[in-house]
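**Q** Have a look at this one.
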Amino acid sequence: MTEYSPGLIVDPQTLRAQIHDPDLRIFDCRFALSDTELGRRLYHEGHIPGAIYAHLDEHLSSAITPTSGRHPLPDPSRFAAWLGQCGVSPESRVVVYDDLNGAFAGRLWWMLRWVGHARVAVLEGGLQAWEAAGGTLTPDVPRHRPQGFEARVRDDLWVTSDDLADALARGDIRVIDARAPERYRGEVEPTDPVAGHIPGALNLPLTENLDAEGRFLPAARLRARFLDAMGDGSATTIAHSCGSGVTACHNLLAMELAGLSGSKLYVGSWSEWIRSPERAVATGEAS
C-alpha cells in the first residue's frame, strides 16, 4: 500500500488553495497540559485564517469525576451545539491542526467522527508545515453564522473501562499504548498518581508514526507497524490508550491512514484505569 486512505489528512498546499471555501471550517487545537491557557494565548497571537480555537478542557472534555480519567467525553448534545455555534453544518468540511504533529488535533478529529461527522481531516505537519508552505497567520477571530448540527453518536467507536476489563479477561482485545516508553514502563510519571501500564498493553509511541519533519510515515510503513502489533487479530480487536484518551487518537488515525479501520478508543485511558484499585497495574517491558 503506497497511498493513505483518502480524506483523513490534508497537506498545507491544498488547504491554502481551499482556504476561502465557504463550506470549510478550521479548528486550532493547540494545548499544553502544563499550561492549559498557552494554546489560547498562542491562538490570539496568530492562527490560520478562519480558524476557531478548540480548548481541550472546555470544548473537547467534560468535568472530571471521581471515577473518570482526566479528559472525559463531553455530553454529545453540548458538543454538537458548540460545533453549530462555530458554524459547522452537516455539509461542512473540517480541518483540525495543532503545533505537535496532531497529538491534540487528533482528539477533535476523532470526536467529530464520534458524533457522526466524517468530513474531517488533520493538517499534515501542523502549524509549522503551514508556515513553511508560505501560509500566513492572523490574530483575527472569525465569526461564522451558527448552523444546526445534530449529533449522530457512534458509541461503537470507543470502549469503557468496564468493557475493556471484561474484554481483556476474555482475551479478545489488545491495548496499544501511545505514551512515551518511559511512562509506559513506569519509570517516570509526570501527570498521574500511579505509574505503569495496563497489563498486556503494547507500547507504540505516537512519535514513531512520524518522520523527521513531523509528517506521517508512508502508509505501507504504518501498516507494517500496526500489523505486527495486531498479530492474528483484526483492527476491530484493538483499543487505543494513552494518559487520558487524547494522544491515543494519533495511533488510531495512523491505523486508519494505513487502511486498518475499525479500532476503538479507550477514552478513559491510564488516568481512568488507575481510579479503581481492582484493576491491575504492570510495569517494565511488555510480557
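None of the figures in this text is laboratory data; all of them are computed from the coordinates on show. A quick note: this is a predicted structure, and the numbers were derived from the prediction, not measured. Positions of Cβ are generated from backbone atoms using ideal geometry, with glycine treated the same way; all protein chains shown enter the neighbour counts.
**Q** What's the FRET efficiency of Val153 with Arg119 using the Cβ-Cβ distance as r and R₀ = 22 Å, to the nearest 0.05? Provide the component values of the computation, followed by the final result.
**A** On the way: r = 17 Å, r/R0 = 0.77.
The formula returns an efficiency of 0.85 here.
**Q** Using P(r) over Cα pairs in 10 Å bins from 0, in percent as the read-out, say which of [x] 6, 27, 31, 22, 11, 3, 0; [y] 6, 21, 26, 23, 15, 7, 2, 0, 0; [z] 7, 30, 36, 22, 6, 0 was calculated from these coordinates.
**A** [z]
**Q** Once amide H atoms are built 1.01 Å from N in the peptide plane, which residues 5 or more positions from Asp177, or in another chain, come under 5 Å H to H?
**A** So Asp177 has HN proximity to Leu202, Asn203, Leu204, Ser241.
**Q** Given axes a ≥ b ≥ c from the Cα gyration tensor, I'd like to know whether the stretch 121-163 is rounded (a/c under 1.5), prolate (a/b larger than b/c) or oblate. Walk me through the numbers on the way to the answer.
**A** On the way: a/c = 3.72, a/b = 1.60, b/c = 2.32.
Note, shape of the stretch 121-163 comes out oblate.
**Q** OK, next. Amide H neighbours of Ile238 under 5 Å, counting only residues 5+ apart in sequence or on other chains, H built in-plane at 1.01 Å?
**A** Arg174, Lys264
**Q** Using R₀ = 35 Å, calculate the FRET efficiency as 1/(1 + (r/R₀)^6) where r is the Cβ-Cβ separation of Glu285 and Glu213; round to 0.05. Before the final figure, lay out the partial values.
**A** On the way: r = 30 Å, r/R0 = 0.85.
Result of the calculation: an efficiency of 0.75.
**Q** Kindly rank 264-271, 213-220 from highest to lowest mean number of other beta carbons found within 10 Å of each residue.
**A** On the way: 264-271: 26.5, 213-220: 16.4.
In descending order of packing, they fall as 264-271, 213-220.
**Q** Still on this model: At 222 nm, what helix-only mean residue ellipticity would the chain give, in deg cm²/dmol to the nearest 500, using -39500 (n - 2.57) for each DSSP H run of four or more?
**A** On the way: 10 runs with 83 residues, N = 287.
Result for the chain: -8000 deg cm²/dmol, rounded to the nearest 500.
**Q** Under a crude label model (7 Å from the Cα following the beta-carbon direction), how far is Ala133 from Arg16 in nanometres?
**A** The modelled label-to-label distance comes out at 0.8 nm.
**Q** If I model a spin label as a point 7 Å beyond the Cα along the Cα-Cβ vector, how far apart are those points for Arg170 and Ser276 in nm?
**A** Each label point is offset 7 Å from its Cα along the Cβ direction, giving 1.5 nm.
**Q** Further question: Using only C-alpha atoms and all pairs of different ones, pull out the Kirkwood radius for the stretch 9-132 in Å with one decimal.
**A** Details: mean 1/r = 0.0681 Å⁻¹.
Over the stretch 9-132, the inverse of the mean reciprocal pair distance is 14.7 Å.
**Q** Further question: I'd like the distance between the alpha-carbon centres of the stretch 99-128 and the stretch 154-212, rounded to an integer number of Å.
**A** That distance is 20 Å.
**Q** Restricting attention to the stretch 1-98, which GluC sites (Glu not before Pro) occupy a DSSP loop and are surrounded by at most 15 other Cβ atoms within 10 Å? Could the numbers behind the result be given before it?
**A** Working: sites: Glu3, Glu37, Glu45, Glu58, Glu91; in loops: Glu3, Glu37, Glu58, Glu91.
The qualifying sites are Glu3, Glu37, Glu58, Glu91.
**Q** Which order, highest average first, do 223-235, 163-175 follow once you tally other Cβ atoms within 10 Å for each residue and take the mean per peptide? Walk me through the numbers on the way to the answer.
**A** Working: 223-235: 14.2, 163-175: 15.7.
The densest-packed peptide leads the list: 163-175, 223-235.
**Q** What ³J(HN,Hα) values, in whole Hz, does the Karplus curve 6.51 cos²θ - 1.76 cosθ + 1.60 give for the stretch 237-245 when θ = phi - 60°, with x put for Gly and Pro?
**A** Values, residue by residue: 9, 9, 10, 9, 10, 7, x, 8, x Hz.
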